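The values are calculated or read from the model by the stated rules, or taken from the named source; none is laboratory data. This structure is a prediction, so every number in the text was calculated from the model and none was measured. Every residue, glycine among them, receives a Cβ derived from its backbone with ideal geometry; neighbour counts consider all protein chains shown. For accessibility, only protein heavy atoms count, side chains too; no ligands or nucleic acids. Shrake-Rupley method; radii C 1.70, N 1.55, O 1.52, S 1.80 Å.
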Amino acid sequence: MEVRFKDGRLDRLETDADYDGGHSQAVVAAYRKRLQAIRAAVDERDFYAMKSLRFEKLKGKRAHQRSMRLNDQWRLILELEGDRREKRVVIVAIEDYH
């Protein structure tokens, strides 16, 4: 899938080996691993098939967003754009759910 970032720091976090964005090394490693999985996916059904990602739709004001687990504490927040043929993932944030 095509990936877009809402924040340039999230793009840099994926590509700059020396940049940690204020996150622990474990969170950065998990983030980069998730981005590899996202880029390799055909569509969001691949995310649901990988149970370890805990890919889920959010509720309320965030009903247009999805989350994916990075570890027990941190989640990757993303949005899906485009039609069935040209899906894009927009990486929104890394958030602490506790």
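Scanning region 9-48 for residues that are open to solvent by 70 Å² or more (accessible area, probe 1.4 Å) and touching a Gly at 6+ places or on another chain (Cβ under 6 Å) returns a single hit, R9. With the requirement that a residue be over 21 Å from E2 (Cβ atoms) and not in a loop (DSSP other than H, G, I, E, B), what does region 46-98 give you? Result: K51, S52, E56, G60, K61, R62, R69, W74, R75, E95, D96.
Residues in region 62-83: is at least one open to solvent by 50 Å² or more (accessible area, probe 1.4 Å), of a type in the set (G, A, S) and without any contact (Cβ under 8 Å) to a residue 12 or more places away in the chain? Among the residues of region 62-83, not one is open to solvent by 50 Å² or more (accessible area, probe 1.4 Å), of a type in the set (G, A, S) and without any contact (Cβ under 8 Å) to a residue 12 or more places away in the chain, which makes the answer no. Residue pairs whose Cβ atoms lie under 7 Å apart, sitting 6 or more positions apart in sequence or on different chains, and linking a residue in region 15-39 that is without any contact (Cβ under 8 Å) to a residue 24 or more places away in the chain and closer than 12 Å to L53 by Cα to a partner that is assigned to a loop (DSSP other than H, G, I, E, B) and open to solvent by 70 Å² or more (accessible area, probe 1.4 Å), are A37/M50. For the criterion of being under 18 Å from R9 (Cα atoms) and hydrophobic (A, V, I, L, M, F, W, C), V42 fails.
Being farther than 15 Å from E95 by Cβ, of a type outside the set (V, I, T) and within 13 Å of the chain's Cα centre (by Cα) is true of A41. With the structure loaded, tell me whether L13 is of a type in the set (A, V, I, L, M, F, W, C) and in a helix (DSSP H, G or I) or whether it fails that test. When the stated conditions are applied, L13 passes them.
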